[in-house]
Amino acid sequence: MENNIQKLSRKDIIFLKAYQSARSIGGIGHTLLNANELPMSSLYNLTNITLNRYPECQPKKLIFHYSAYVNLALENILVSRGSDEAIELLMRVFCLPNKDSIITFSPTYTMYAKIAEIYGIKNIIIPMINNMILDIPKIIKLLHGVKLIYICRPNNPTGHIFNIDSIIQILKITIGKAIVIIDEAYIEFCMSENTIFLLKSFSHLVILRTLSKAFGLAGLRCGFTLAHKDIIKLLRKVITPYPLPIPSINIAIQALLPSAIVSMQNKVLEIQKNKKFLLKNLKKNDLVKYIFHSETNYILVKFYNAKNIFDILWNQGIILRQQNHESNLRDCIRISVGTKTECLCLISALKSISLN
Ligand SMILES: *Cc1c(COP(=O)(O)O)cnc(C)c1O
């Protein structure tokens, strides 16, 4: 790097390791099971749009359709460029760099930590008990100076869901102290577990949603924040003026029509069927050491020699997601549930590795 650029840049950014997304890690193949995307796609057409004008910041029609889907008032909803943008907006509104902190739990979605790092916000990481349970005594102990608590539910990468009683307990101990964010990116795969009913009782609860997973629209970049109107108002102050492109708004509206929602729900059922089939076969494979319980469209699997298996599959064009950045998840690989064909392809590849 040019010397003067290095001199001008924030030192921590020079040493920052960029977020490793499934797309940036890459991998070439026919069976992409590394990003928890929906493996099947619906075809959308843009309906007569013009693009010479800027879009609305918070498109009324889109918010209206999402409000019908979640049964909340318009004032309780913010739309953003994916839920990743909402994760960041919350830090912008609530955290002063080098002063305030957030709490995250490990292992979890690493974007919370990465965005905090970029903003210079301290991230207090509380390890889950047995990779499963939220350590509430630790939260109570470390709560001082904490503004935001990010809980991924169902959790990525484990796939399990934290007990609702533990969530309610956390909401009770944080009243007047911190905002609790529940990231429900995968909630459509276990809809009865959603926490919208808690918004009525807890004004410091924020729920994050996305069209990237069950709706099969990762390429659209559309996410929603559900919260008390006072929180939504603050987020609207700091969001960019035109977060969503007009084509994205147009298609998001189509994806939220009642018939499209039924079609999403049918795809969820199909994924759940494929997951059962994949699980049954993984259990039979002697390379597999342990399978985490999953409520989602992905399964976290502990193998006997994960690195080796990952590499062999990678070279065959079957791309999975390693978890070696998490010290508690050594030898674990996250597998997104694909189509039946993709599941079969993975199963037969694993079978032939175990026979060698
Ligand atoms: C995929 C994912 C997201 C990202 O959602 P976008 O709306 O695509 O930005 C957010 N949270 C979790 C836990 C995810 O796995």
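The values are calculated or read from the model by the stated rules, or taken from the named source; none is laboratory data. Everything quoted here is computed from the prediction, not taken from an experiment. Please note: Cβ atoms are built from the backbone with ideal geometry, for glycine as well, and neighbour counts cover all protein chains shown. Only protein heavy atoms, including side chains, enter the accessible area calculation; ligands, DNA and RNA are left aside. Shrake-Rupley method; radii C 1.70, N 1.55, O 1.52, S 1.80 Å.
Numbers below:
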{"read-out": "Residues that are within 15 Å of the ligand (Cβ to nearest atom) and over 30 Å from ASN130 (Cβ atoms), drawn from region 61-112", "value": "LEU62, TYR66, ILE77, LEU78, VAL79, SER80, ARG81, GLY82, GLU85, GLU88, LEU89"}
{"read-out": "Pair list, Cβ < 7 Å and 6+ apart or interchain, from region 205-219 residues that are farther than 17 Å from ASN156 by Cα and assigned to a loop (DSSP other than H, G, I, E, B) to residues that are hydrophobic (A, V, I, L, M, F, W, C) and within 9 Å of the ligand (Cβ to nearest atom)", "value": "LEU217/LEU211"}
{"read-out": "Hits in region 262-303 (condition: under 18 Å from the mean Cα position of the chain (by Cα) and within 10 Å of PHE189 (Cβ to Cβ))", "value": "VAL268, ILE271, SER294, GLU295, THR296, ASN297, TYR298"}
{"read-out": "Candidates SER212, SER248, filtered to the one that is within 15 Å of the ligand (Cβ to nearest atom), within 21 Å of the chain's Cα centre (by Cα), among the hydroxyl-bearing types (Ser, Thr, Tyr) and farther than 26 Å from PHE105 by Cβ", "value": "SER248"}
{"read-out": "Failed criterion for LYS114 (all others in (1) buried (at least 17 other Cβ atoms within 10 Å of the Cβ); (2) more than 19 Å from GLY82 (Cβ to Cβ) hold)", "value": "(2)"}
{"read-out": "Qualifying position, being in contact (Cβ under 8 Å) with a residue 24 or more places away in the chain, away from the ligand (no atom under 13 Å from the Cβ) and either open to solvent by less than 10 Å² (accessible area, probe 1.4 Å) or not hydroxyl-bearing (Ser, Thr, Tyr) (or both), among ILE129, ILE149, ILE125", "value": "ILE149"}
{"read-out": "Hits in region 167-200 - residues which are away from the ligand (no atom under 16 Å from the Cβ) and in contact with a strand residue (DSSP E or B) (Cβ under 7 Å, 6 or more places away or on another chain)", "value": "ILE170, LEU171, THR174, ALA178, ILE179, ILE196, LEU198, LEU199"}
{"read-out": "Residue in region 316-330 that is surrounded by fewer than 18 Cβ atoms within 10 Å (Cβ to Cβ), within 16 Å of SER354 (Cβ to Cβ), among the basic types (Lys, Arg) and not assigned by TED's automatic domain parsing to the domain that holds ARG153 present", "value": "no"}
{"read-out": "Residues of region 226-245 that turn out to be under 20 Å from the mean Cα position of the chain (by Cα) and open to solvent by 30 Å² or more (accessible area, probe 1.4 Å), as a count", "value": "0"}
{"read-out": "Residue count for region 297-356, restricted to those that are of a type outside the set (Ser, Thr, Tyr) and in a loop (DSSP other than H, G, I, E, B)", "value": "14"}
{"read-out": "Residue, nearest to the ligand (Cβ to nearest atom), within region 4-32, restricted to residues that are farther than 28 Å from GLU117 by Cα and of a type in the set (A, V, I, L, M, F, W, C)", "value": "LEU32"}
{"read-out": "Residue within region 257-280 that is open to solvent by less than 50 Å² (accessible area, probe 1.4 Å) and part of a loop (DSSP other than H, G, I, E, B) present", "value": "no"}
{"read-out": "Those residues of region 29-61 which are in contact with a strand residue (DSSP E or B) (Cβ under 8 Å, 6 or more places away or on another chain) and β-branched (Val, Ile, Thr), in sequence order", "value": "THR31"}
{"read-out": "Subset tally (residues that are open to solvent by 20 Å² or more (accessible area, probe 1.4 Å), assigned to a loop (DSSP other than H, G, I, E, B) and not polar (S, T, N, Q)) for region 156-201", "value": "4"}
{"read-out": "Test for TYR44: is it open to solvent by 40 Å² or more (accessible area, probe 1.4 Å) and either assigned by TED's automatic domain parsing to the domain that holds GLY216 or under 21 Å from LYS213 (Cα atoms) (or both)", "value": "yes"}
